[in-house]
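Okay, structure first, notes after.
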Amino acid sequence: MSPVKPSSGPEPYVSHASLFETAKRYLTKTKSQELLLRSIILIFVYLLAFCIRLFSVLRYESVIHEFDPYFNYRSTINLVQEGFYEFWNWFDAESWHPLGRVVGGTVYPGLMFTAAILYKVSQFLTACIKLRDICVFTAPFFAGNTALIAYLFGKELKDTETGLVAAALMAVVPGYISRSVAGSFDNEAVAIFALVTTFYLWVRAVNQGTIASAVLAAFAYLYMAASWGAYVFISNLIPLYVIIMFVSGRYSRRIYVAYTTFWAVGSLLAMQVRFIGFNHVTSNELLSFNGVFVGLQVWEALVFLRTKLGTKQFGQLVYLTAVAAGAVGAAGTAILVLSGKLNPWTGRFWTLLDPTYAKKFIPIVASVSEHQPTTWASYIFDLHVLVFAAPAGLYFCFKRPTDGTIFLTVFALTAIYFSGIMVRLMLVAAPAFVLLSAIAVSSILQSASKELRTPAAAETKTSPVATRRGRTSASNEENITTKKSTNLMILGLTFLALWSYSSHSVWVTSEAYSSPSIVLISGWGPHRVVLDDFREAYYWLRHNTAPDAKVMSWWDYGYQITAMGNRTVIVDNNTWNNTHIATVGRAMASNETEAYKIMRQLDVDYALVIFGGMSGYSSDDINKFLWMVRIGGGVFPVIKESDYLANGDYTVSSRGTQTMLNSLMYKLSYYDFGNIMTEHGKGTGYDRVRNYEIGKKDVQLDHLYEAFTSEHWIVRIYRVKDLENRF
Amino acid sequence: IMARPLLLPLVLLAALGVTSASKSVLVLLQNVNTADKYSKFFGSLRDYGFDVSVKGVKDSTLKLKEYGTWLYDDLVLFAPQTEGFGGKIDRQVILDFVDSGHNVLMALNSDASESMRNLAAEFGIDVDDRGSKVYDHFSHATLNGKEDHTLIAGGNIVDVPVMVGGPYKEPVLFRGIASVIPGDAELATVALGAPSTSYSHAPKQAMLEPPSLMVGSSISLVTAVQARNNARVVVAGSLEMFTDDFFDAVVTVNGVSTHTANWAFTVTLARWAFQDRGVLVASNMRHHLLGSDEQPWGYRVNDDVEFLVDVVEVDGGVPKPFAADDIQLEFIMLNPYIRQPLQHDGNGTFSLRFKVPDVYGVFKYYIDYAHCGYSYIKLTHQVPVRPFKHNEYERFLVCAYPYYASAISIMVGFFALGFFYLYNK
């Protein structure tokens, strides 16, 4: 019964010496050496992917970044505290006052679930990690996972070497790092992983043609659908791929099995996400996904019937079917369009085809900087050498096309198109560029190093060609040495390119993508100034205002106020109700008396503005003000953009219009600023962002009073007064 | 929990009892020696339990506030000609006094000083120029055999018994200055309006051409203002109307000899001004789902709910149940979705049962009761209304039976066909 055995007798364990022997025997095999090397490379890639994203934590602190992540963080807290079902049913009464927001039904919960599960697992393992730290490090963690998936994808597309290159390139591609540094707790952090995984598993399913592999791809699709609205990209790309394969005559039964299974299981799974629900069947954004499924069934039925019927009968059948299908299809479309169920002419649809559509007609879409069209510079900035390597990869894909590389080509071409429309979609293009470049780089490296490593083999290989062409052996030898130096040069150039790529990535990450934007740092060394005004102001709200106080600000700051200030906001970054945002825009653009009426109707207790004139912080509300005017004017025609432009010029200097200088936004921004000397040698009220003196220095407030102004005047909060007691 | 409904009125009573016992009134006279002229007025106030202290307006020991505490509840200004105050009183102190919920009764006359005029203007009342008087060549009174066209006897007493008492058979005598209330004044009520045949005129000043006079019923003789914090201010254009002489006068109006209603009118109005009449106290606001006593955090759309609130009217320090059919409850999200009068049960409990609209959002209960003569009731209470939870929808709808049938039949059909295809070779 005793568990402790006496040490006498034959010992079951292997001695150190024999263990060493086994390891040595094992390691002398080439295959296992390669495996070990590969594992080490992958571990380093994983660590690199994780660590390169930690600049922000090291330089600032472990803090959630930007705007949207604050909502995700707050939701995750709710999920962890209230549990799954309460989160699913969450009606948030603290945002969009007084409309409220059905968060449970309007959110992609994948990110929150991921973080909550990671948190629960760490709790279970008795690792006391704060939820905030889990959220901060989710993105780097998933970046490592994405690099591993890139390895598998590359392996599936071509070979192991391609996989390794893809993993390494993916780990540091700046286009992806931009949305996955530590603290960037946004949907994209896990969604890119889900996207690449879905594509990898889809290619694998097409290659294998089994139901099991397609079901696996469908589950990856569920994760994507639960995480990010760009799941529509997948469910349009895959049908497009199927159509291309069909047209190019590469359609096979494997694709049929993969697509049918993926469609059935994937649709059912995606419909379980509350935000998607029946949209997955009814939405015209997914028309091709469902249409291709029906088309495949019809095709297979026809193929089946042809084997059973005579040629003449079959011809008649095809004719009848085509006519019937055409009639039913036309009638159905007509009914749907007339009844309003099918409306393809929405703004979103046009935006994809015509990149300038949103800018012209939907100000709220155009006002978001990440919705702007991409410039060429940002391709170089975000992809660097991949921009040049990817076309080479396309060449290799076309040279030896397989089902997988055709998919990659389709993916890459569509992703490049979309990334040109919106800066944000650079994120989707980055994996495509990485994979194409990996194919290019590994192909070049393979061919170059193979010939370099085995000159004898190269000789034997080349000699028949040489003799056929009637060359002498002397020129043959010379040929070999030239080839050798050419190959060396190719290798050197490749390494140089890769080296510059990696140093560029590190530089970009460190310089451009690691700022949390909630804490600002300007200057270096002894001149370093930390502007922590946002948190200062939000914590002031949290500790000094009534718990049910309502704060009105432009929607950009809504998530931060609710998450950090714990106060109700009128509008926030989930811009689901344009009218409500326009109402706030109207209040900001009106004169104080008009604004007061609006604010009273909305129960506003505090008005918050971001002001950069003192500190030089340029993305302040005065610079965003024209968007408020446009969005407000889009719904309420009393607000006219021309009233705010002095001779077509947007200015708050003395040339500014009276409407501008009397607007609530101007008053709240510049209240008391007219007495302040900001720069030596300039007059009072010198705006350091706009670089001129403001137009109206004596700002009087009647219906509000200043409640709080942060240290560098970046955040200014005003209390809305009650009605006068005696009038 | 059973004791709570009982306990609350008791506590309320106790609180009111304490405040009513210590209702102290400071009266400032132009000349403290003339107090006897108003002895009946002050006597009546004392009879109603007010602690009246009379001082001269230039008394150097005057103060309303000491160490942050208000020393008086009410202020009577019977010093129309004074330009300033003695001691630590000035205009701003009086305004702060009102803004912190205390009451002011001020009486003016034709020689009202600039500072008094400005004070009245702070309450939204425009008093006519210095030296002007209200004339009426038709409905004036003859006092002691002397016909006086500035002794107005036909004033229109506002039909709000809670504020001025009445109805009165006798006229209220008035001799003094006119004032007007701007059209957009929301808080002022004309307690005594001028007859339609009257006008205001300064006999020693040159008449403007064309004459711009305060004329007829646009003139307010006595104005009652209730500020948004329920502080009350009464501005009377005549100081004389508070005197014993006017109280006891027997006058002839249009040939008919009559007593005056000044005593009852002024004392009732003063009691109203000093929060002794027409004070409503709303308390114990509560709401719940029908069939449950618990007050929830919020509702679901289409819930049936009941809202209740207790309102008592405090008269002379004694609370009694209030009864009115015009208290409205609104259920607002941006716009009122429900606006219904509350039902009362006779014991001061007002209630309304209604169905929550089929709209989710952050609603608020809102009562804004501003009945003339009564203190305002303004209550807001926020309740979120949430949509159905995902598991609150009905399962197995009758209208969906065809879909269930089609789903089940296709499963059966698939199974049967598969079985047939596989095993029937």
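The values are calculated or read from the model by the stated rules, or taken from the named source; none is laboratory data. Nothing here was measured: the structure is a model prediction, and the numbers come from that model. We place every Cβ from the backbone using ideal geometry, glycine too, and count neighbours over all the protein chains shown.
Quickly run through the range A:500-514 and pick out the residues that are in contact (Cβ under 8 Å) with a residue 60 or more places away in the chain and more than 17 Å from the chain's Cα centre (by Cα). Explain how you work it out, then say what you get.
To start, the set of residues in the range A:500-514 that are in contact (Cβ under 8 Å) with a residue 60 or more places away in the chain comprises A:500-502, A:504-506, A:508-510, A:512-514.
A:SER500, A:TYR501, A:SER502, A:HIS504, A:SER505, A:VAL506, A:VAL508, A:SER510, listed by residue number.
It is to be established whether one or more residues within the range B:328-340 are within 23 Å of the chain's Cα centre (by Cα), in a loop (DSSP other than H, G, I, E, B) and modelled with pLDDT under 90.
no
Just a yes or no: is a residue in the range B:13-33 loosely packed, with under 15 Cβ neighbours inside 10 Å, modelled with pLDDT under 90, out of contact with any strand residue (DSSP E or B) (no Cβ under 8 Å at 6 or more places or on another chain) and closer than 30 Å to B:GLN295 by Cα?
Yes, there is a match, as at least one residue in the range B:13-33 is loosely packed, with under 15 Cβ neighbours inside 10 Å, modelled with pLDDT under 90, out of contact with any strand residue (DSSP E or B) (no Cβ under 8 Å at 6 or more places or on another chain) and closer than 30 Å to B:GLN295 by Cα.
Go through the residues of the range B:309-322 one by one and say whether even a single one is at positive phi and in contact with a Ser or Thr (Cβ under 8 Å, 6 or more places away or on another chain).
Keep residues of the range B:309-322 that are at positive phi, which gives B:316-317.
Among the residues that remain, those that are also in contact with a Ser or Thr (Cβ under 8 Å, 6 or more places away or on another chain) are: B:316-317.
Scanning the range B:309-322, I find at least one residue that is at positive phi and in contact with a Ser or Thr (Cβ under 8 Å, 6 or more places away or on another chain), so the answer is yes.
Residues of the range A:581-597 being surrounded by fewer than 24 Cβ atoms within 10 Å (Cβ to Cβ) and touching a strand residue (DSSP E or B) at 6+ places or on another chain (Cβ under 9 Å), which ones?
Passing the criteria: A:SER590, A:ASN591, A:GLU592, A:TYR596.
If you check B:GLN295, B:GLN343, which single one turns out to be within 22 Å of the chain's Cα centre (by Cα) and either crowded, with 16+ Cβ neighbours inside 10 Å or not acidic (Asp, Glu) (or both)? Reasoning before the result, please.
On the way: B:GLN295 fails: within 22 Å of the chain's Cα centre (by Cα).
Unique residue meeting the criteria: B:GLN343.
Tell me which of these B:VAL251 doesn't satisfy, since it passes every other one: (1) outside any strand (DSSP E or B); (2) away from every other protein chain (no Cβ under 14 Å); (3) surrounded by fewer than 23 Cβ atoms within 10 Å (Cβ to Cβ).
(1) is the only condition that B:VAL251 fails.
I need every pair where a residue in the range A:670-689 that is over 15 Å from A:ASP620 (Cβ atoms) has its Cβ under 7 Å from the Cβ of a residue that is not in a loop (DSSP other than H, G, I, E, B) and not charged (D, E, K, R), sequence separation at least 6 or different chains.
A:GLU679/A:TYR686; A:THR684/A:GLY674; A:THR684/A:ASN675; A:GLY685/A:PHE673; A:GLY685/A:GLY674
Checking the condition buried (at least 17 other Cβ atoms within 10 Å of the Cβ) and within 22 Å of B:LYS355 (Cβ to Cβ), which residue from B:PHE265, B:PHE331 passes? Give the derivation first.
Details: B:PHE265 fails: within 22 Å of B:LYS355 (Cβ to Cβ).
None of the other options fit; the residue is B:PHE331.
Determine which single condition A:PHE124 fails, assuming it passes every other condition in (1) in contact (Cβ under 8 Å) with a residue 12 or more places away in the chain; (2) surrounded by fewer than 21 Cβ atoms within 10 Å (Cβ to Cβ).
Condition (1) is where A:PHE124 drops out.
Criterion first (within 14 Å of chain A (Cβ to nearest Cβ), in contact with a Phe, Trp or Tyr (Cβ under 7 Å, 6 or more places away or on another chain) and closer than 15 Å to B:ASP126 by Cα) does B:VAL233 satisfy it?
Values: within 14 Å of chain A (Cβ to nearest Cβ): yes; in contact with a Phe, Trp or Tyr (Cβ under 7 Å, 6 or more places away or on another chain): yes; closer than 15 Å to B:ASP126 by Cα: yes.
Against the criterion (within 14 Å of chain A (Cβ to nearest Cβ), in contact with a Phe, Trp or Tyr (Cβ under 7 Å, 6 or more places away or on another chain) and closer than 15 Å to B:ASP126 by Cα), B:VAL233 qualifies.
Quick one: which of A:SER283, A:SER378, A:SER339, A:SER367 is at pLDDT 85 or above and of a type in the set (Gly, Ala, Ser)? Show your work before the answer.
Values: A:SER283 fails: at pLDDT 85 or above; A:SER339 fails: at pLDDT 85 or above; A:SER367 fails: at pLDDT 85 or above.
Among A:SER283, A:SER378, A:SER339, A:SER367, only A:SER378 is at pLDDT 85 or above and of a type in the set (Gly, Ala, Ser).
How about the range B:99-195: which strands (runs of 3 or more DSSP E) wholly inside it have at least 1 residues that are within 14 Å of another protein chain (Cβ to nearest Cβ) and either closer than 30 Å to B:VAL314 by Cβ or out of contact with any strand residue (DSSP E or B) (no Cβ under 7 Å at 6 or more places or on another chain) (or both)? Lay out the reasoning, then the answer.
Details: elements: B:103-107, B:133-136, B:140-143, B:146-152, B:188-193.
So the answer is B:103-107, B:188-193.
Restricting to the range A:96-117, and then to whatever is crowded, with 19+ Cβ neighbours inside 10 Å, more than 10 Å from every other protein chain (Cβ to nearest Cβ) and more than 19 Å from the chain's Cα centre (by Cα), can you tell me which residue is nearest to A:ASP603 (Cα to Cα)?
Across the range A:96-117, the extreme among qualifying residues is A:VAL103.
Which residues, taken from the range A:1-21, are at pLDDT 60 or above and surrounded by 11 or more Cβ atoms within 10 Å (Cβ to Cβ)? If you could, list the steps in order and put the result at the bottom.
Our first condition is that a residue be at pLDDT 60 or above; within the range A:1-21, this holds for A:15-21.
Residues satisfying the conditions are A:LEU19, A:PHE20, A:GLU21.
So which residues in the range B:100-141 are basic (Lys, Arg) and over 20 Å from B:ALA206 (Cβ atoms)? Full working, then the answer.
Of the residues in the range B:100-141, the ones basic (Lys, Arg) are B:117, B:130, B:133.
Passing the criteria: only B:ARG117.
Take the range A:73-95 and flag every residue that is within 15 Å of A:THR575 (Cα to Cα) and more than 13 Å from every other protein chain (Cβ to nearest Cβ).
Correct list: empty.
Just to be sure I understand, how many residues within the range B:134-182 are among the basic types (Lys, Arg) and at pLDDT 90 or above? Show your work before the answer.
The first filter runs over the range B:134-182 and keeps only residues among the basic types (Lys, Arg), leaving B:146, B:169, B:175.
Imposing the further condition that a residue be at pLDDT 90 or above reduces the set to B:175.
Final tally of qualifying residues: 1.
For the range A:63-83, how many residues meet the condition of being more than 19 Å from the chain's Cα centre (by Cα) and of a type outside the set (Val, Ile, Thr)?
Counting residues in the range A:63-83 that are more than 19 Å from the chain's Cα centre (by Cα) and of a type outside the set (Val, Ile, Thr) gives 6.
Please find, within the range A:621-640, the residue that is nearest to A:SER369 (Cα to Cα) out of those that are in contact with a Gly (Cβ under 7 Å, 6 or more places away or on another chain) and not aliphatic (A, V, I, L, M).
Selected residue: A:GLY632.
How do the strands (runs of 3 or more DSSP E) wholly within the range B:348-425 filter down when requiring 2 or more residues that are closer than 30 Å to B:MET163 by Cβ and within 14 Å of chain A (Cβ to nearest Cβ): which remain?
The strands (runs of 3 or more DSSP E) meeting that bar are B:361-369, B:377-386.
Do we have any residue at all in the range A:683-701 that's closer than 18 Å to A:ASN544 by Cα and more than 14 Å from chain B (Cβ to nearest Cβ)? Explain how you work it out, then say what you get.
First, the residues of the range A:683-701 that are closer than 18 Å to A:ASN544 by Cα: none.
Checking the range A:683-701: not a single residue is closer than 18 Å to A:ASN544 by Cα and more than 14 Å from chain B (Cβ to nearest Cβ).
Just one of (1) outside any loop (DSSP other than H, G, I, E, B); (2) touching a residue at least 12 places away in the same chain (Cβ under 8 Å); (3) polar (S, T, N, Q) trips up A:SER618, so point out which.
Condition not satisfied by A:SER618: (1).
A:VAL629 versus (1) surrounded by fewer than 21 Cβ atoms within 10 Å (Cβ to Cβ); (2) without any contact (Cβ under 8 Å) to a residue 60 or more places away in the chain: which is the lone unmet condition?
(1)
Any residue at all in the range A:699-715 that's surrounded by fewer than 17 Cβ atoms within 10 Å (Cβ to Cβ), of a type in the set (Ser, Thr, Tyr) and at pLDDT 90 or above? Before you say what the answer is, go through the steps one by one.
Of the residues in the range A:699-715, the ones surrounded by fewer than 17 Cβ atoms within 10 Å (Cβ to Cβ) are A:700-702, A:705-706, A:711.
Of the ones still in play, those that are also of a type in the set (Ser, Thr, Tyr) are A:705.
When the remaining residues are screened for being at pLDDT 90 or above, the result is A:705.
Yes: one or more hits.
Which residue pairs have Cβ atoms under 6 Å apart, sit 6 or more places apart or on different chains, and have a first residue in the range B:344-358 that is among the basic types (Lys, Arg) and a second that is part of a strand (DSSP E or B) and surrounded by 12 or more Cβ atoms within 10 Å (Cβ to Cβ)?
B:ARG353/B:GLU306; B:LYS355/B:ASP304
In the range A:532-549, is there at least one residue being modelled with pLDDT under 90, surrounded by 13 or more Cβ atoms within 10 Å (Cβ to Cβ), of a type in the set (D, E, K, R) and assigned to a helix (DSSP H, G or I)?
Within the range A:532-549, not a single residue is modelled with pLDDT under 90, surrounded by 13 or more Cβ atoms within 10 Å (Cβ to Cβ), of a type in the set (D, E, K, R) and assigned to a helix (DSSP H, G or I).
Write out, first by first residue and then by second, each pair whose Cβ atoms fall under 6 Å of each other, whose residues are 6+ apart or on separate chains, and whose first residue, in the range A:713-727, is within 14 Å of chain B (Cβ to nearest Cβ) and without any contact (Cβ under 8 Å) to a residue 12 or more places away in the chain while the second is polar (S, T, N, Q) and surrounded by fewer than 24 Cβ atoms within 10 Å (Cβ to Cβ).
Qualifying pairs under 6 Å: A:ASN725/B:ASN229.
Conditions first: (1) away from chain B (no Cβ under 14 Å); (2) within 29 Å of A:ARG204 (Cα to Cα); (3) more than 34 Å from the chain's Cα centre (by Cα); (4) not charged (D, E, K, R). A:VAL247 passes all but one, so which condition is the exception?
That leaves (3) as the condition not met.
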